[in-house]
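Colleague: One structure, pasted below without further comment.
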Amino acid sequence: MRALAHRDFQVYFSGQAISTLGKWLQQVALSWLAYHVTGSAALLGAIAFVTLAPQLLIGPIAGAWTDRHDKRRLLIIVQSILALQALALAVLAYGHWLDARSILAMALLLGLLNAFETPLRQSLIASFVSDPADLPNALVLNAMLINAARFVGPPLAGVLIAWAGEALCFALTALAFSGLLVGLFKVRGKPSGKASGSTGEVFREGLRYLWQTLEVRRLMVSVVVVNVLASCYTALLPILAKAVYQGDAQTLGWLWGAAGAGAFLATLVLAFSGSASRLQRFILAGALLCAAGLLGLAAPAPLAVALLALGLLGFGITVSNVSTNMQLQSGAPSALRGRVVSFYIALRFGFEAIGGLLAGLAATHLGAPQTLGIAGGLLLLISLSREVYRRRRAALAGRA
């Protein structure tokens with residue numbers, strides 16, 4: 001917990017806790033509303049895609065642009081717009097004015113805003129920790145916070161939806177975003193250097209660093225593989241809750257919460273034993289656990305087994321992604337950190353978007369369990385093949 005000794009990080013951490021809880025209320029409410037209104041698996045995949053695809057399409061350019069400006073001020077602006085967007089969703093849901101088209105449009109707006117907000121939040125963490133040695137711990141604590149909210153938020157959203165409807169979740173999200181806004185107004189952070197040159201030049205500089213650094217390229221490939229195949233489960237959870245387990249919004253909340261519990265446990269493991277020497281092994285172990293979780297969801301099984309499988313998925317995805325983020329941010333030059341983070345986030349969420357879209361389309365024809373089983377088998381095969389290839393290269397290098 002040593003990163004919490006820094007006053008600015010304490011303030012940011014508190015505001016982020018409230019804001020992140022609100023995000024999970026919004027995500028569960030939006031996905032349940034879409035499936036409840038239309039019953040369409042394809043729409044769930046499309047919502048997952050438009051919510052996350054902007055991270056892939058404009059996220060890296062947004063990272064280059066923000067590296068040239070005051071990141072704290074930009075985050076305040078974006079967070080304010082997110083609060084207004086959540087408030088608009090609350091009003092529209094309360095008036096029953098949302099249909100498939102308007103839900104998709106609001107999800108797209110959310111995705112565009114998140115393409116700027118997520119890399120801004122991630123890259124600002126370093127400015128709130130005065131000792132660079134405490135940055136990995138700050139990243140783990142931030143991930144722990146996000147996954148604690150992921151554990152608490154979805155079950156809470158399920159209860160709120162069953163009690164008062166989706167509009168209340170959206171209204172509480174708008175209030176929650178103000179928590180981070182208050183924290184951002186209270187902190188200043190240590191100044192970070194701004195990149196010089198045009199946005200295009202800054203973008204190309206970051207791209208060269210990623211392409212010319214072999215270890216960074218390998219880490220980015222891991223991000224793509226895990227998130228396109230494993231994270232696709234999120235788009236299909238409403239189907240599992242309603243069609244497979246004959247449940248309601250509370251069932252959906254428990255499914256989300258099980259994955260959140262696994263993710264939170266993963267951040268605890270990383271906080272206590274995530275030394276730099278172990279991170280590469282954690283990335284492989286995370287991918288294999290994801291494959292096991294997907295295959296577990298594919299088999300006909302009681303709800304308790306599905307909850308366990310989702311716990312494995314949440315653990316595996318988080319161990320893999322957070323370990324990768326720790327390696328990338330710890331090794332990146334300070335002036336390039338914003339761009340490195342934006343590329344990581346672009347691949348992390350962009351390929352989750354692609355995976356969600358493909359999973360929604362596949363589930364329309366094959367069914368959700370079968371789709372998850374195919375994804376699990378592919379992930380297992382690719383992960384083991386990559387590890388065999390890595391060991392062979394290491395052995396050849398050792399003999400040379």
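The values are calculated or read from the model by the stated rules, or taken from the named source; none is laboratory data. Since we're looking at a predicted model, the values are computed, not measured. Don't worry about glycine lacking a Cβ; one is built from the backbone with ideal geometry, like all the others, and counts go over all protein chains shown.
Colleague: If Pro154 satisfies all but one of (1) touching a helix residue (DSSP H, G or I) at 6+ places or on another chain (Cβ under 7 Å); (2) farther than 29 Å from Ser323 by Cβ; (3) at pLDDT 80 or above, what's the number of the condition it fails?
Modeller: (2)
Colleague: In contact with a Phe, Trp or Tyr (Cβ under 9 Å, 6 or more places away or on another chain) and at pLDDT 80 or above: which single residue out of Val221, Val202, Val244, Val225 fits that description?
Modeller: Within the list Val221, Val202, Val244, Val225, the selection yields Val225.
Colleague: Still on this structure: Can you tell me which of Ala261, Ala292, Ala298 is in contact (Cβ under 8 Å) with a residue 60 or more places away in the chain and within 17 Å of the chain's Cα centre (by Cα)?
Modeller: The conditions single out Ala261.
Colleague: Within segment 21-48, restricting attention to residues that are β-branched (Val, Ile, Thr) and buried (at least 24 other Cβ atoms within 10 Å of the Cβ), which residue is farthest from Met106 (Cα to Cα)?
Modeller: Checked segment 21-48; the qualifying residue farthest from Met106 (Cα to Cα) is Val28.
Colleague: Would you confirm, using the coordinates I've provided, whether Ala46 is assigned to a helix (DSSP H, G or I), within 21 Å of Leu175 (Cβ to Cβ) and of a type in the set (Gly, Ala, Ser)?
Modeller: On the way: assigned to a helix (DSSP H, G or I): yes; within 21 Å of Leu175 (Cβ to Cβ): no; of a type in the set (Gly, Ala, Ser): yes.
No, not satisfied.
Colleague: Something else: Quick one: in segment 342-399, which of the residues that are surrounded by fewer than 13 Cβ atoms within 10 Å (Cβ to Cβ) and among the small types (Gly, Ala, Ser) is modelled with the highest pLDDT?
Modeller: Step by step, filter segment 342-399, then rank; the result is Ser385.
Colleague: Then there's this: Out of segment 301-322, which residues are in a helix (DSSP H, G or I) and without any contact (Cβ under 8 Å) to a residue 12 or more places away in the chain?
Modeller: Within segment 301-322, Ala304, Val305 meet the criteria.
Colleague: For Val224, are the conditions met, namely being touching a residue at least 40 places away in the same chain (Cβ under 8 Å), more than 24 Å from Gly153 (Cβ to Cβ), within 17 Å of the chain's Cα centre (by Cα) and assigned to a helix (DSSP H, G or I)?
Modeller: yes
Colleague: Let me ask something else. For segment 298-321, what are the residues that are crowded, with 24+ Cβ neighbours inside 10 Å, touching a Ser or Thr at 6+ places or on another chain (Cβ under 9 Å), farther than 17 Å from Gln55 by Cβ and hydrophobic (A, V, I, L, M, F, W, C)?
Modeller: Hits for segment 298-321 are Leu313, Val319.
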